[in-house]
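Reviewing the structure listed below.
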Ligand SMILES: Nc1ncnc2c1ncn2[C@@H]1O[C@H](COP(=O)(O)OP(=O)(O)OP(=O)(O)O)[C@@H](O)[C@H]1O
Ligand SMILES: [Mg+2]
């Protein structure tokens, strides 16, 4: 569904991602894990067209999307939940979700789906989004992306800033999304949770993929154990 090949990403003269190759099949949950500054956000911003200082290839559903504008990529069905949860704090939860649907006729059904994934959003429906906790705002950001009924979801560090309990809830909701057949690329620093959720993973360090494989194998890789799992 998504095929990134030999991607190089720049910020001005500074190259931050080198020769990145990542593939996500339909219905797959795949994680790209890496520490602070590894290049995760730079990569997602390139995928969805926010940063166009890049070379290589990004194919989505067989079509080259590198160089397209964010709204074009979005209309093809690729939705990003950004690192900074860009919700509208002064608007109620439900209006934030309705905005995500952008006037689609089937929005009520999708709203029920979002509420089934994140029941707390139903309880807080009328509350201004800015008064939600950090974790609830993250759920709202994911919910809003889902309201557009995307074909694929890219999540940039959804667990950042969440309490351990909320992290578990968040990953459960993502697991449910996966069971429903959604295709997901998850960028994370929470290596254990990300690998336990996803079937496959890539490890990004200093802008380069240093390891890739089945999550089960990565969880027992000596480098991962030492550098990320504290074993
Ligand atoms: N707009 C920018 N201009 C210059 N350098 C940038 C810019 N944005 C990011 N960088 C640099 O690119 C590198 C990768 O940063 P990026 O934000 O992609 O990493 P990340 O993996 O998302 O990190 P984090 O986990 O902290 O979010 C870093 O060295 C960062 O300083
Ligand atoms: Mg980042």
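The values are calculated or read from the model by the stated rules, or taken from the named source; none is laboratory data. What you are looking at is a predicted structure, and each value in this text was computed from that prediction instead of being measured. Heads up, the Cβs are rebuilt from the backbone with ideal geometry, glycines too, and the neighbour counts pull from every protein chain shown.
Quick look at the values:
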quantity	calculated
Criterion: exposed (fewer than 15 other Cβ atoms within 10 Å of the Cβ) and in contact with a helix residue (DSSP H, G or I) (Cβ under 7 Å, 6 or more places away or on another chain) - qualifying residue of 34, 67, 90	90
Selection within region 158-175 - in contact with a helix residue (DSSP H, G or I) (Cβ under 7 Å, 6 or more places away or on another chain) and in contact (Cβ under 8 Å) with a residue 60 or more places away in the chain	158, 174
Residue selected from region 165-198 under the condition assigned to a loop (DSSP other than H, G, I, E, B) and under 15 Å from the mean Cα position of the chain (by Cα), by the criterion surrounded by the most Cβ atoms within 10 Å (Cβ to Cβ)	198
Residue that is farthest from the chain's Cα centre (by Cα), among those in region 70-97 that are within 21 Å of residue 23 (Cα to Cα) and part of a loop (DSSP other than H, G, I, E, B)	76
Candidates 209, 224, filtered to the one that is in contact with a strand residue (DSSP E or B) (Cβ under 8 Å, 6 or more places away or on another chain), surrounded by 15 or more Cβ atoms within 10 Å (Cβ to Cβ) and modelled with pLDDT of 95 or more	209
Positions within region 121-164 being within 16 Å of ligand 2 (Cβ to nearest atom), in contact with a strand residue (DSSP E or B) (Cβ under 6 Å, 6 or more places away or on another chain) and in a helix (DSSP H, G or I), in sequence order	141
Output for region 6-54, where each listed residue is more than 16 Å from ligand 2 (Cβ to nearest atom), part of a loop (DSSP other than H, G, I, E, B) and within 27 Å of residue 177 (Cβ to Cβ)	25, 26, 27, 28, 49
Residue 66 more than 16 Å from ligand 2 (Cβ to nearest atom), assigned to a loop (DSSP other than H, G, I, E, B) and at pLDDT 95 or above	yes
